[in-house]
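The values are calculated or read from the model by the stated rules, or taken from the named source; none is laboratory data. Just so it is clear, the model here is predicted, and its values are computed rather than measured. In this analysis, Cβ positions are derived from the backbone assuming ideal geometry, glycine residues included, and neighbour counts consider all displayed protein chains.
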Amino acid sequence: MLAEAHTHLLAAQCNDPYWHGVFGGLYAPHLRSAVLHHLIQAESQLDRAEGLGANAQAEIVITDFDVDGQDEILLRQNIAGMILHPADGGTVSSLRFKPAHAELVNSLMRRPEPYHALVRKNVASKQAPREGPASIHDQVLSKESHLEALLRYDRYARHAFRTYLFPGAKRWQDFDYLQLGENEILARGAWQATPLKAPAAAVELRNLTQVQANGCEMQVEALKTLTSKVSGSTWQIECRSSFSTDRSCPAGMTAGMELVFNLLAPDAHDRYFLANEIRRPLEFRGEIDSAKLVLVDEWQRVKITLEARPQARWWIVPIETISQSELGFERVYQGSAILAVWKIDPPSWRTVTCVLQAEIAPWEIPAGPEY
């Protein structure tokens, strides 16, 4: 087992996904996914060596894993692994589903790159410089038009379970264009974390902020509890959020809980959203009103089922970067941002509780003539 784990560790040392070069590098999700696939296989082998079986108690480890000066929290179970960042909005950067050896978040924060200035100029010249043939570093090509419209930059890392509280008049288009006007202390501020070990792996997170809406100012205490349970090959994650205020407020607000999943292929027939018996490709953007939202990856054999209480609306937008590769500038799908949205209606609200559940399980080929 240790020898096999070491082999997978070495296989994950390919340098391309760790930096951004002319061939895409870090911006290529399939390269990151391949590296993570081997790292999760190595982790699974270490689990076996350490006797982390189905009946083993969940392990919670608190340390600064990424050496950024802030502690992270690892929730480790036999089929699942989760990394929480209390200092970054109480969010989750990693959801590792070990039966499929898949990292389900695997997304990137959209940041400015020097070559984005060339994209904005809409340069598409194929002419070589006078001194000789153009190198791959000199070519400025564009694989499609109007890529500059996709150049938008995130304020936060693309993690899961980020909390949003924003004005009630906002729509999904505002989510797409990063114009929600959300309370940033809840979205990216530091949350106080308390691990809860039994009977399931759980972490309780707290935050306190001032919210202004339509001239009304109030203090909001937010409590978010993330619970991870496993049963056989099924992983259940529950995020229970509550917002308590010190006074009644006539302003309508909206609470949102963001998830980020990257199943790699935005337009492939075997990876899709499923809601109200309608399939939509992963590149879908818009609003869905449904009791359940399902993400299916037939290739990696993963099925993610999302439910919310009270019933939420789902705002979905693809996360797309503009990357420079050997073929020129191109859009690259970095996953989908999914916001579970709950309206908090006036004339008053004092305590609101919202629950978001995600069930992650192996996808099974359904019986029927289609298959």
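Here are a few things to note about the model shown:
- Verdict on ASN78 being over 27 Å from THR194 (Cβ atoms), in the same structural domain as SER323 (by TED's automatic domain parsing) and either under 22 Å from the mean Cα position of the chain (by Cα) or surrounded by 13 or more Cβ atoms within 10 Å (Cβ to Cβ) (or both): no
- Among residues of region 327-371 being among the acidic types (Asp, Glu) and over 27 Å from VAL105 (Cβ atoms), the one that is modelled with the lowest pLDDT is GLU370.
- Single condition GLN212 does not satisfy, out of (1) surrounded by fewer than 17 Cβ atoms within 10 Å (Cβ to Cβ); (2) farther than 25 Å from GLU59 by Cα; (3) at pLDDT 95 or above: (3)
- Top-ranked residue of region 310-359 - restricted to ones that are hydroxyl-bearing (Ser, Thr, Tyr) and in a strand (DSSP E or B), ranked as nearest to the chain's Cα centre (by Cα): SER336
- The residue list VAL35, VAL92, VAL67 contains one member that is in a helix (DSSP H, G or I) and closer than 30 Å to ALA187 by Cα, which is VAL35.
- For GLN45, the criteria (1) outside any helix (DSSP H, G or I); (2) farther than 30 Å from GLU113 by Cβ; (3) in contact with a helix residue (DSSP H, G or I) (Cβ under 6 Å, 6 or more places away or on another chain) hold in every case but one, which is (1).
- Among strands (runs of 3 or more DSSP E) entirely within region 213-309, having at least 1 residues that are farther than 30 Å from ALA54 by Cβ and either among the polar types (S, T, N, Q) or assigned by TED's automatic domain parsing to the domain that holds ALA340 (or both) singles out 216-231, 234-245, 253-261, 271-275, 278-281, 286-289.
- Among the residues of region 199-212, the one identified as without any contact (Cβ under 8 Å) to a residue 24 or more places away in the chain and assigned to a loop (DSSP other than H, G, I, E, B) is PRO199.
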